[in-house]
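Throughout, read-outs are computed from the coordinates displayed, never taken from laboratory work. Predicted model only: the values in this text are computed from it and were never measured. For neighbour counting, all protein chains shown are included, and Cβ atoms are generated from backbone atoms with ideal geometry for every residue, glycine included.
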Amino acid sequence: MDTENWVLAYEVPALIQGTIAQQVLEANGIESQIVNQQDSSYPTVGCIQIYVQSKDLETARQILEKTKL
């Protein structure tokens with residue numbers, strides 16, 4: 001992932017929520033990347049981050065807020 005144009009759009013506590021968020025964004029034509037910040041030994045520690053292109057940030061946040069993951 002070229003990090004230059006990617007920005008953090010959303011954080012969720014579980015990988016399944018991150019996967020759903022990514023699918024919702026894809027269905028709306030927005031490319032996204034998941035970054036798993038969870039501890040491998042303790043999955044309840046940390047979060048899943050969803051990154052989008054900076055040009056799609058506001059639209060992505062609006063879509064994900066409506067989805068209420």
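Below are the figures for this structure:
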| read-out | value |
| --- | --- |
| Unit charges on C-beta of K, R, D, E only; dipole of the chain, Debye | 260 |
| Protection proxy ranking of 27-40, 56-69 - average other beta-carbon atoms within 10 Å, highest first | 56-69, 27-40 |
| Over the chain, relative contact order from alpha-carbon pairs under 8 Å, at least 6 apart, % | 41 |
| Residue order, fewest to most surrounding Cβ atoms within 10 angstrom, among 42, 51 | 42, 51 |
| Cα principal axis extents for the chain, largest first, Å | 35, 27, 15 |
| Charge-dipole axis of region 3-67 as Lys and Arg at +1 and Asp and Glu at -1 on Cβ define it, positive-most pick from 67, 13, 52 | 67 |
